[in-house]
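*Asks:* Have a look at the structure that comes next, please.
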Amino acid sequence: MPAAGDSIDATTLDRLQKMVGDKVLREITELFFEHTPGRVAAVRAARDADDLPGAAQALHNLKSSAGMLGAKRLQQLAERMEQLARSGGDDESPWPLVEQLEREYEQAAAALRRVGEDAP
Amino acid sequence: MKKIAVVEDNPDNRLLVRALLEDYYEVREYDSGAAALERFADERPDLVLLDISLPGMDGTEVLRRIRAAEALRDLPVIALTAHAMTADRERFLDQGFDEYVAKPITDAEELTDKIARLLSR
């Protein structure tokens with residue numbers, strides 16, 4: 001642990017592993033895989049319905065889960081989109097960033113899978 | 001064993017907090033403010049870790065209701081929040097929280113120290 005590529009900040013992941021151990025780290029990672037696709041889908045659905053508050057809540061949880069596992073790029077993008085959603089989208093809308101969010105999720109997930117394969 | 005209530009809608013955050021605390025405390029999890037308030041009177045936690053950005057009733061409103069309830073008003077409550085600004089700490093203390101812990105939690109000792117300090121008050 002860990003060899004994660006640039007989607008994942010190895011220091012954050014390492015610190016989490018030291019705090020909770022391998023078993024809980026695995027469980028937290030499984031929760032990420034279980035819940036994040038639904039949140040990304042919720043953001044897309046919110047875009048289709050132009051539902052900024054709905055997007056903000058999904059992005060908030062996405063940001064939090066990504067941050068815990070060191071998925072920095074996904075975390076930062078979700079945070080920026082959450083801010084845009086909460087500010088009402090007046091100056092700038094979060095919606096053009098949805099595709100990028102989906103890509104960042106795929107990359108973070110792939111990197112976390114690689115870490116999982118390398119783990120004991 | 002003292003009882004810690006964790007009110008947090010993100011399951012991974014609940015899992016992390018449980019993993020950090022369950023050797024020392026009895027940890028009870030609640031996924032919404034409404035669920036927590038409904039059970040607190042019976043379950044009598046000794047301290048609450050309260051997420052601010054809960055869907056539906058947010059943490060600030062949950063705190064207001066705790067402080068308004070005679071049986072609960074002295075309960076120590078720690079705000080758990082992703083707003084990572086130091087200036088926020090004062091704001092949360094002004095609102096009536098007893099402490100503040102930033103998410104993601106990266107320092108287990110900071111959390112356990114703050115809890116121990118409040119429980120020994």
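*Asks:* Can you tell me the FRET efficiency between A:SER87 and B:ASP58 if r is taken as the Cβ-Cβ distance and R0 is 25 Å, rounded to the nearest 0.05?
*Replies:* Efficiency computed from Cβ-Cβ geometry: 0.90.
*Asks:* Now, a different point. With a Förster radius of 45 Å, plug the Cβ-Cβ distance of A:GLN100 and B:ASP94 into 1/(1 + (r/R0)^6) and report the FRET value to the nearest 0.05.
*Replies:* My answer for the efficiency is 0.75.
*Asks:* What number, rounded to the nearest 500 deg cm²/dmol, is the helix-based mean residue ellipticity at 222 nm of chain A, given -39500 (n - 2.57) per DSSP H run of at least four residues and division by all its residues?
*Replies:* -27000 deg cm²/dmol
*Asks:* If you keep only loop residues by DSSP, which trypsin sites (Lys or Arg not before Pro) in region B:1-107 have at most 16 other Cβ atoms within 10 Å of their Cβ?
*Replies:* Here the trypsin sites (Lys or Arg not before Pro) that fit, given the DSSP loop and packing criteria, are B:LYS2, B:ARG73.
*Asks:* Sort out for me the Cα centre separation of region A:69-113 from region B:22-41, rounded to whole Å.
*Replies:* About 31 Å separates the Cα centre of region A:69-113 from the one of region B:22-41.
*Asks:* Where the only charges are on Cβ atoms (+1 Lys, Arg; -1 Asp, Glu), what is the dipole of chain A about its Cα centre, to the nearest 20 debye?
*Replies:* The dipole of chain A has a size of about 380 debye.
*Asks:* For chain B, take the alpha-carbon Rg, divide it by the Kirkwood Rh, and send me Rg/Rh.
*Replies:* 0.91
*Asks:* Apply the Karplus parameterisation 6.51 cos²θ - 1.76 cosθ + 1.60, with θ equal to phi minus 60°, to every residue of region B:63-80 and state each ³J(HN,Hα) to the nearest whole Hz, in sequence, with x for glycine and proline.
*Replies:* Working through the residues one at a time gives 4, 4, 6, 5, 5, 8, 9, 4, 6, 10, 5, 8, 4, x, 10, 9, 6, 10 Hz.
*Asks:* Shifting gears a bit: Grab the other residues whose beta carbon is less than 13 angstrom from that of A:LYS18, score K and R as +1, D and E as -1, and report the net.
*Replies:* Summing Lys and Arg as +1 and Asp and Glu as -1 gives -3.
*Asks:* Once you've got the GNM for chain B with C-alpha springs shorter than 10 Å, pick whichever of B:ALA87, B:ALA34, B:ALA79 has the biggest mean-square fluctuation.
*Replies:* Comparing B:ALA87, B:ALA34, B:ALA79 in the GNM, the peak value goes to B:ALA87.
*Asks:* List, in order, the whole-Hz ³J(HN,Hα) value for each residue of region A:22-30 obtained from phi through the Karplus relation with A = 6.51, B = -1.76, C = 1.60 and θ = phi - 60°; use x for Gly and Pro.
*Replies:* 5, 5, 5, 4, 4, 5, 5, 5, 4
*Asks:* Roughly speaking, what % of Cα-Cα pairs in the protein assembly as shown are separated by over 27 Å, rounded to a whole number?
*Replies:* 37
*Asks:* Going Cα to Cα from B:LYS114, which lysines come in below 22 Å? Please leave out same-chain ones fewer than 8 positions away.
*Replies:* A:LYS18, B:LYS2, B:LYS3, B:LYS103
*Asks:* Can you give the Kirkwood hydrodynamic radius for region A:1-116, in Å, rounded to one decimal and based on Cα pairs?
*Replies:* 14.2
*Asks:* Follow-up. Any idea how far apart A:PHE33 and B:ARG44 come out in nm if each label point goes 7 Å out from Cα toward Cβ?
*Replies:* According to this spin-label approximation, the distance is 4.3 nm.
*Asks:* Which of the GluC sites (Glu not before Pro) found in region B:42-120 are loop residues per DSSP with 16 or fewer other Cβ atoms within 10 Å of their Cβ?
*Replies:* B:GLU70
Only the coordinates and a few stated rules stand behind these numbers; no lab work does. Every value quoted in this text rests on a predicted model; they were computed, and no experiment measured them. Glycine also receives a Cβ, built like all others from the backbone with ideal geometry; neighbour counts cover every protein chain displayed.
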